[in-house]
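The values are calculated or read from the model by the stated rules, or taken from the named source; none is laboratory data. Since we're looking at a predicted model, the values are computed, not measured. Neighbour counts run over all protein chains shown; Cβ positions are idealised from the backbone, glycine included. Heavy atoms of the whole protein, side chains included, go into the accessibility calculation; ligands, DNA and RNA do not. Shrake-Rupley method; radii C 1.70, N 1.55, O 1.52, S 1.80 Å.
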Amino acid sequence: ANARRAAAFATARARAAAPKRAGVVARLWNEYGWTAVGTHFAVYGTTLAGLTVAVDRGALGADPASRASAINRVCGLLEPYAPARVVDTVRRSPTAGAFAVAWVLAKFTEPARLVVTVLLTPRVVVLRRVVRAGIAAAVGGVA
């Protein structure tokens with residue numbers, strides 16, 4: 001009986017806390033939402049572009065044979081899911097092959113990109129507010 005009461009109490013306490021958590025999530029979304037999404041995609045795009053250039057230029061220390069081997073492994077992963085035309089393009093085009101390898105490498109950077117996004121988003125929000133205030137002052141001063 002005591003265990004049943006304790007479980008019921010814990011359930012009631014969890015239900016009471018749920019709206020508070022939902023309120024926190026809603027507040028964070030209202031403050032950072034779309035800016036966080038945009039920041040995340042900017043960080044992702046920058047990471048992917050940088051890795052593509054690094055793989056294409058051999059900056060990651062791989063010789064041409066190692067790059068070809070990596071491209072063939074990525075093509076092996078793509079074959080069951082992508083159309084044959086896409087896999088052939090990745091095999092034949094050095095740029096497409098570098099992009100495919102960089103895309104796989106970018107998957108390993110996801111935890112670090114999440115941290116960067118969380119750290120950058122508040123700063124981006126502040127910067128947006130400053131820029132908008134400056135634009136509003138400039139437009140208001142002209143009229």
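Tabulated data
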item: Accessible surface of the chain, 1.4 Å probe, proportion on carbon and sulfur as whole %; result: 68
item: Inter-label distance, nm, simple model (7 Å from Cα along the C-beta direction), S66/E79; result: 2.5
item: Å² per residue, accessible surface of the range 101-140 at 1.4 Å; result: 71
item: Values of log10 I(q)/I(0), in the order q = 0.16 Å⁻¹, for the chain under a Debye, Cα-only, solvent-free model; result: -0.91
item: Value of [θ]222 nm, deg cm²/dmol, for the chain, DSSP H segments ≥ 4, -39500 (n - 2.57) each, nearest 500; result: -31500 deg cm²/dmol
item: Cβ-Cβ FRET estimate between I135 and W103, R0 fixed at 41 Å, reported to 0.05; result: 0.65
item: Dipole of the range 17-131, positive end: most advanced residue of T39, A62, V124 [Cβ charges, Cα centre]; result: V124
item: Rg [Å, one decimal], Dmax [Å, integer] - the range 81-140, C-alpha atoms; result: 20.3, 57
